[in-house]
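What follows is a single structure, written as structure tokens, with notes after it.
Derivation of every value follows stated rules applied to the coordinates shown; laboratory data play no part. Keep in mind that what you see is a predicted model, and the values were worked out from it rather than measured. We place every Cβ from the backbone using ideal geometry, glycine too, and count neighbours over all the protein chains shown.
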Amino acid sequence: MFISIIRTVILYIFILIALRIMGKRQLSEMQNSELVITLLISDIAVMPMQNTSQPLLSGIVPILILISLEIVFSVIMLKSGKFRKVVCGSPEMVIRDGEILQNQLKRLRMTTEDLCVQLRQQGIFSLEDVQYCIVETNGDVSVLEKPEKRSPSAEDMGIKIPDKGIETVVINDSRYLSNSLQLINLTKEWVNSVLEKENISIDEVFIMTANREKEYSIIRRNMD
């Protein structure tokens with residue numbers, strides 16, 4: 001039993017590292033090759049977990065081969081558009097100039113109900129509002145609404161909005177977040193000066209957010 005636990009922990013850590021090497025993607029964002037390799041890795045890893053008589057390397061070696069293949073394929077796809085098109089396919093337009101391309105929907109085996117579901121998930125409830133719709137290689141859709149249906153931007157309205165950068169959490173549960181501070185070019189010393197000005201210790205801070213313009217917000221910890 002103890003051996004099974006150790007083997008499971010080793011494989012778990014190894015798969016985490018392997019998937020980290022493959023890159024950060026949500027399941028819905030994976031290309032075909034990435035999804036296939038992820039499914040194969042999960043199946044291969046189960047065998048040495050369940051069968052303790054099977055060498056651990058019988059699971060690790062195939063996973064290493066699959067990860068190597070994915071890396072090689074990724075490099076080739078970066079250099080060859082044709083190869084990428086063969087492996088991943090290409091985006092397909094299903095609505096052009098407000099007209100639904102019925103033949104494209106049939107070729108993609110996509111019903112109008114499927115299309116409407118995808119549009120509703122993007123806040124579009126009428127096909128009449130869509131000028132262009134493209135089905136991406138991962139199955140998601142990209143939509144451009146008709147000009148009269150688009151929300152006006154600040155540029156359209158002649159409004160100049162100051163760029164304050166992103167607001168990020170710099171203290172979380174009384175702990176400094178160094179990466180967040182680097183992201184907005186601020187330091188712990190600045191945070192400490194703010195806490196001193198507000199007459200609050202870091203132990204009393206639940207969350208503190210800030211941006212590069214040194215605008216900040218502090219939520220105190222509930223001390224009950």
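Specify whether the C-alpha gyration tensor of the chain places it in the rounded, prolate or oblate class, a ≥ b ≥ c being the square roots of the eigenvalues: rounded for a/c under 1.5, otherwise prolate if a/b is larger than b/c and oblate if not. Note, shape of the chain comes out oblate. Which helices pass in the chain if a helix is a full DSSP H run, must span at least 20 angstrom along its long axis by Cα, and must have mean Kyte-Doolittle hydropathy not below 0.0? In the chain, the long hydrophobic H runs are 2-22, 32-50, 57-79. Here is how the number arises for the chain: DSSP H runs of 4 or more residues each give -39500 (n - 2.57), the sum is divided by the residue count, and the result at 222 nm is -14500 deg cm²/dmol.
A compact globular protein would have a Cα radius of gyration near 2.2 N^0.38 Å; the ratio found for segment 168-220 is 0.96. Mind listing which GluC sites (Glu not before Pro) in segment 41-149 are in a DSSP loop and have 16 or fewer other Cβ atoms within 10 Å? Sites meeting the loop and neighbour criteria: 136. Of the Cα atoms belonging to segment 121-224, the radius of gyration and Dmax stand at 21.1, 57 Å. Pairs spanning more than 26 Å between alpha-carbon atoms, out of 82/106; 160/188; 82/149; 85/149; 82/146; 85/146: 160/188; 82/149; 85/149; 82/146; 85/146. Both radii are taken from the alpha-carbon atoms of segment 84-177; with Rh as the Kirkwood radius, Rg/Rh is 1.17.
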